[in-house]
1. Here is a check on your reading of the model: is Lys127 basic (Lys, Arg) and either within 16 Å of the chain's Cα centre (by Cα) or under 25 Å from Glu197 (Cβ atoms) (or both)?
2. Go through segment 120-135 and count every residue that is of a type outside the set (A, V, I, L, M) and more than 22 Å from Ser33 (Cβ to Cβ).
3. Checking the structure you have, find out if any residue of segment 255-273 is closer than 30 Å to Pro149 by Cβ, part of a helix (DSSP H, G or I) and either modelled with pLDDT of 85 or more or more than 21 Å from the chain's Cα centre (by Cα) (or both).
4. Which residue, of Arg166, Arg141, Arg152, is of a type in the set (Lys, Arg), touching a strand residue (DSSP E or B) at 6+ places or on another chain (Cβ under 8 Å) and closer than 14 Å to Ala53 by Cβ?
5. Being within 21 Å of Ala22 (Cβ to Cβ) and touching a Phe, Trp or Tyr at 6+ places or on another chain (Cβ under 9 Å) is the filter here, so list the residues in segment 216-253 that pass it.
6. Report, ordered by the first and then the second residue, all pairs with beta carbons closer than 9 Å, sequence separation of six or more or different chains, a first member in segment 50-69 that is over 15 Å from Asp218 (Cα atoms), and a second member that is acidic (Asp, Glu) and part of a loop (DSSP other than H, G, I, E, B).
7. For segment 177-203, which residues satisfy the criterion of being surrounded by fewer than 17 Cβ atoms within 10 Å (Cβ to Cβ) and β-branched (Val, Ile, Thr)?
8. With the requirement that a residue be in a helix (DSSP H, G or I) and of a type in the set (Ser, Thr, Tyr), what does segment 196-250 give you?
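The values are calculated or read from the model by the stated rules, or taken from the named source; none is laboratory data. These numbers were taken from a predicted model, which means no experiment stands behind them. Every residue, glycine among them, receives a Cβ derived from its backbone with ideal geometry; neighbour counts consider all protein chains shown.
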Amino acid sequence: MEHYPSPSTSWEAEAARVRRIAVIDVMNFLHSSASSQNKPRQSREFLDALDLAAFMLMLLQREFDVRAVVPRSISLRIRNGFLFEIFNQLGLVIFTESSYDDLLVIRYAAETGAFIVSDDKYRDVLKLDVTDAEKYVIHHRVIRPTINPFQRAEGESYALMENGDRVVNFVGFLYASKPEALYADPQNPDYARCIHERERFTLTRLKALRTELVHIFDFVDSLEKAPQPLPRISDARKKLEINFRRESLQRFRRSVSRKSAGRSYREQVVQRRREEGDEE
């Protein structure tokens, strides 16, 4: 079964356990998702950054913090690659200078108490001089995403689902046989570390990230539906992408308030429950 948070979860129970950060092994994730659609590997359309945006939005909708680890050179090799610079300035993407990023993924997850989204079993990493904490992550906190191909309407760059998710080429979700892979509770040895990371992920930041990803989908959609679509590699399109990236950063910085920084995780949970009650 899926172990996503239930809307009926009491704040007392929720404050006693904390969502781990989701660390996405981007190259593995995108190749796995594209392979499920039987796309030709020689095509630049084989991988699409908008698929990653959809998956990150799905996780943020379920209130998981996200870090996607990817080689810096990827933006030149895939569809909508310009989005990676935007993801990076939002704090969602971590760039590596090397194409081999497995060890960084594992170490980051071990240091922050995160879980990893990947099909990789990381057998090559296990042959290296890794710590016990890193081995534990490999054996217990690597979650294989379930990818179901999706056929969106002709002429649409994405589909809007009833729950607010966006879908491009596939519907993705996570299956965890044990909830402790996704959550840390007071009995977990890395609980304090997870609480520390979660307190930095304020509710204000969560909302701002979700809003900005929605803006990204709208922007890409406007490019695709322009009366006279610009070539993907052109000075005119590049200028639009640069302007949008600048606007995105300015909008995000305005949205993220410093007032919510420093609140305990329990205080953030109480605040969210209070806001949900007001909306009802």
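1. No: the conditions fail for Lys127.
2. 6
3. No.
4. Numbers: Arg141 fails: closer than 14 Å to Ala53 by Cβ; Arg152 fails: closer than 14 Å to Ala53 by Cβ.
The conditions single out Arg166.
5. Across segment 216-253, the qualifying residues are Ile216, Phe217.
6. Listed by first residue and then by second, the contacts come to Met58/Asp165; Leu59/Asp65; Gln61/Asp165; Val69/Asp101.
7. Answer for segment 177-203, where residues must be surrounded by fewer than 17 Cβ atoms within 10 Å (Cβ to Cβ) and β-branched (Val, Ile, Thr): there is none.
8. The answer is Thr204, Thr211, Ser222, Ser248.
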